[in-house]
Amino acid sequence: MFDPKIIVVVFFVLTTLYGVIMRNRVFFNLGYFLYGLAVFAAELNEYFDVQSFSHLLFAILFLLQAILSIPNKLPYNGSKLAKSAAVKIYSCLSIINLVGILVPYTSPAPEITYYLHAAMMLFPMVAVVLILTNKIPLNPSS
């Protein structure tokens with residue numbers, strides 16, 4: 001049976017994709033933030049239902065994703081520090097979603113969520129390539 005919550009989660013993935021295409025960090029981070037909160041809530045709910053520690057671990061992992069991707073409108077000035085932080089943060093987002101693929105059948109979520117995690121694993125790597133090749137539009141520093 002189709003779960004209507006999947007439509008909401010797909011919207012979060014599409015928000016991130018929009019951020020990648022438009023090279024807009026706010027939309028990119030917003031998608032990850034909302035996706036992280038959605039998985040956090042689902043896994044925490046599952047933990048309360050079945051008392052399996054793995055669900056609590058996944059909830060915490062995706063809460064970390066939400067924290068790492070809190071959207072902000074701070075200008076990206078292209079400094080070495082900003083590039084370094086972005087590469088580290090986006091690599092973490094990719095690894096977090098890799099866990100969602102590599103640890104199958106821990107959640108009663110539909111199979112489509114594995115594909116969503118796969119997309120959310122790949123998007124940050126695109127961002128890393130764009131950052132490292134200076135293809136992200138820079139805002140002048142204030």
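The values are calculated or read from the model by the stated rules, or taken from the named source; none is laboratory data. Because the structure is predicted, anything quoted here is derived from the model rather than measured. Neighbour counts run over all protein chains shown; Cβ positions are idealised from the backbone, glycine included.
The table for this structure:
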{"read-out": "Unique match (being loosely packed, with under 14 Cβ neighbours inside 10 Å, over 15 Å from the mean Cα position of the chain (by Cα) and either in contact (Cβ under 8 Å) with a residue 24 or more places away in the chain or in a helix (DSSP H, G or I) (or both)) among 67, 7", "value": "7"}
{"read-out": "Test set (1) out of contact with any Leu (no Cβ under 9 Å at 6 or more places or on another chain); (2) touching a residue at least 60 places away in the same chain (Cβ under 8 Å); (3) not in a helix (DSSP H, G or I); (4) not polar (S, T, N, Q) - residue 42 fails condition number", "value": "(3)"}
{"read-out": "Test: residue in region 71-78 that is at pLDDT 80 or above, surrounded by 13 or more Cβ atoms within 10 Å (Cβ to Cβ), closer than 23 Å to residue 38 by Cβ and among the polar types (S, T, N, Q)", "value": "no"}
{"read-out": "Matching residues, region 10-29, being within 11 Å of the chain's Cα centre (by Cα) and either exposed (fewer than 13 other Cβ atoms within 10 Å of the Cβ) or over 17 Å from residue 125 (Cα atoms) (or both)", "value": "12"}
